[in-house]
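Nothing in this text is a laboratory measurement; each read-out follows from the coordinates by a stated rule. As the structure is a prediction and not an experimental result, all values here were calculated from the model. Cβ atoms come from the backbone with ideal geometry, glycine included; neighbour counts cover every protein chain shown.
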Amino acid sequence: MLSIFPVLITAVLTGMLVNYLADVLPNRRKITIPYCIYCGTKFRWVNYFIWPRRCPNCKRRRSARTWVVEAMMVMIGIWLWMLPYTEIQPLFTVLLLAYFMLVIVVDLEHRLILHPVSIAGGALCIIIGYQLHGIQPTIMGGAAGAAIMYGLYILGKVFVRYLSKARQEDIGEDALGFGDVILGGVLGLLLGWPGIIAGLILAVILAGMISLLYMAGMFIARRDLRNLTIAYGPYLVISAFLLVFVL
């Protein structure tokens with residue numbers, strides 16, 4: 001079995017990369033020198049990635065998300081080391097997990113699924129899908145995932161329009177973003193046909209369960225639920241992760 005130390009190092013480096021991309025891509029849309037997300041001051045690379053991880057200008061430390069992502073990548077790395085997954089090459093496994101984590105972080109923080117990230121994810125998932133299922137199920141899964149999510153996207157637009165008319169106010173946000181449509185196609189390439197159907201059903205179940213719990217907490221705390229928004233990207237990604245690595 002591979003030594004645990006390369007696994008830990010790879011997991012930490014992957015977490016660092018995810019954090020860096022989640023910091024710079026949503027605002028700059030390109031690879032840049034790392035900067036403070038609070039005041040915009042540029043970081044030195046060593047200070048950003050290693051220590052003290054504190055802005056030289058406003059003195060604020062990097063967000064708690066930095067440590068959470070790196071810790072989660074380490075835990076996932078240890079889990080995969082203990083129960084190695086052999087159907088996907090190790091390099092592609094690392095890249096896929098980094099893609100999953102980046103989608104989750106950016107969608108939770110910004111309600112965005114960035115097109116450059118989706119393009120990179122699509123290229124990766126078509127390779128992995130081909131390894132797992134062959135080319136025809138992979139392409140069919142991608143087409144089905146995008147088509148089904150597009151149908152839900154249109155239904156969401158109709159629902160929001162109806163709700164805005166009923167409330168006599170502009171809600172101003174779609175129930176489902178077009179980035180989710182593209183993500184559905186990307187994950188369809190990974191899961192293949194008919195695996196994408198199970199992936200979408202599982203995502204709906206997860207989203208429903210977690211959303212109900214969250215809304216119950218908001219109701220108990222007497223918070224306003226009218227403008228509550230839900231990021232669907234994480235549920236799609238988590239369902240794909242479970243189907244590929246767990247179930």
request  = Taking the Cα centre of the stretch 28-180 as origin, work out the dipole magnitude from +1 charges on Lys and Arg Cβ and -1 charges on Asp and Glu Cβ, in debye rounded to 20.
outcome  = 980 debye
query = Can you give the relative contact order of the stretch 1-72 as a percent, counting alpha carbon pairs under 8 Å and 6+ residues apart?
reply = 29 percent
message = Taking θ = phi - 60°, what integer Hz values does the Karplus form 6.51 cos²θ - 1.76 cosθ + 1.60 yield along the stretch 232-247, in sequence order, with x for Gly and Pro?
response = 8, x, x, 5, 5, 5, 5, 5, 5, 4, 4, 5, 7, 9, 10, 7
remark   = Gyration tensor on Cα atoms of the stretch 172-217, a ≥ b ≥ c root eigenvalues, a/c under 1.5 rounded, else prolate if a/b beats b/c, else oblate, says oblate
message = Report the Cα centroid-to-centroid distance between the stretch 49-80 and the stretch 10-30 in angstrom, as an integer.
response = 11 Å
inquiry  = Show me, for the stretch 51-60, the HN-Hα J-couplings you get by feeding each phi into the Karplus relation (A = 6.51, B = -1.76, C = 1.60, θ = phi - 60°), rounded to Hz, glycine and proline as x.
reply    = 6, x, 6, 10, 5, x, 9, 8, 6, 7
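May I ask you to derive the FRET efficiency for residue 131 and residue 83 from their Cβ-Cβ distance with R0 = 25 Å, giving the value to the nearest 0.05? Don't jump to the answer; show the numbers that get you there.
Values: r = 19 Å, r/R0 = 0.76.
Working from the Cβ atoms, E equals 0.85.
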request  = Have a look at 99, 79, 33 and report the one farthest towards the positive end of the charge dipole of the stretch 31-142, computed about the Cα centre with Cβ charges (Lys/Arg +1, Asp/Glu -1).
outcome  = 33
request  = Quick one: among 28, 65, 161, which has the greatest mean-square fluctuation in a GNM of the chain with alpha-carbon springs under 10 angstrom?
outcome  = 28
message = For the chain, what does the relative contact order come out to in percent, with C-alpha contacts under 8 Å and a separation of six or more?
response = 18 percent
FRET efficiency estimate (nearest 0.05) - Cβ-Cβ, residue 111 to residue 41, R0 22 angstrom = 0.30
task = Starting from the Cα of residue 9, step 7 Å along the direction of its Cβ; do the same at residue 154; then give the gap between the two resulting points in nm.
result = 5.3 nm
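Sorted by mean Cβ packing within 10 Å, highest first, what order do the peptides 72-85, 13-26 take? Walk me through the numbers before you get to the answer.
Details: 72-85: 15.6, 13-26: 20.6.
For the peptides 72-85, 13-26, the packing ranking is 13-26, 72-85.
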inquiry  = Restricting to DSSP H runs of at least four residues, report the calculated mean residue ellipticity at 222 nm for the chain, -39500 (n - 2.57) per run over all residues, nearest 500 deg cm²/dmol.
reply    = -23500 deg cm²/dmol
message = Output wanted: per-residue J couplings in Hz (rounded whole) for the stretch 139-144, from phi through Karplus 6.51 cos²θ - 1.76 cosθ + 1.60, θ = phi - 60°, x for Gly and Pro.
response = 5, 5, x, x, 5, 5
query = All other residues with a Cβ under 15 Å from the Cβ of residue 106 taken together, and with Lys, Arg as +1 and Asp, Glu as -1, what is their net charge?
reply = +1
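Give me the net charge for the shell around residue 25: Cβ to Cβ below 15 angstrom, other residues only, Lys and Arg +1, Asp and Glu -1. Present the calculation step by step, with values, prior to reporting the outcome.
Numbers: positive: 28, 29, 30, 65, 111; negative: 23, 107, 109.
So the environment of residue 25 carries a net charge of +2.
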task = Name the residue, out of 145, 134, 217, whose mean-square fluctuation peaks in a Gaussian network model built on the chain with Cα pairs under 10 Å.
result = 217
key: Top of 214, 48, 99 by mean-square fluctuation, Gaussian network on the chain, Cα under 10 Å   = 214
ask   = For the chain, can you list the cysteines whose C-beta has no other cysteine C-beta under 4.7 Å from it?
value = 125
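Classify the stretch 12-105 as rounded, prolate or oblate, taking a ≥ b ≥ c as the square roots of the eigenvalues of its Cα gyration tensor: rounded when a/c is under 1.5, otherwise prolate if a/b is larger than b/c and oblate if not.
Details: a/c = 2.81, a/b = 2.00, b/c = 1.40.
Verdict is prolate for the stretch 12-105.
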message = Name the residue from 47, 184, 121 whose Cα lies farthest towards the positive end of the charge dipole of the chain, charges +1 on Cβ of Lys and Arg and -1 on Cβ of Asp and Glu.
response = 47
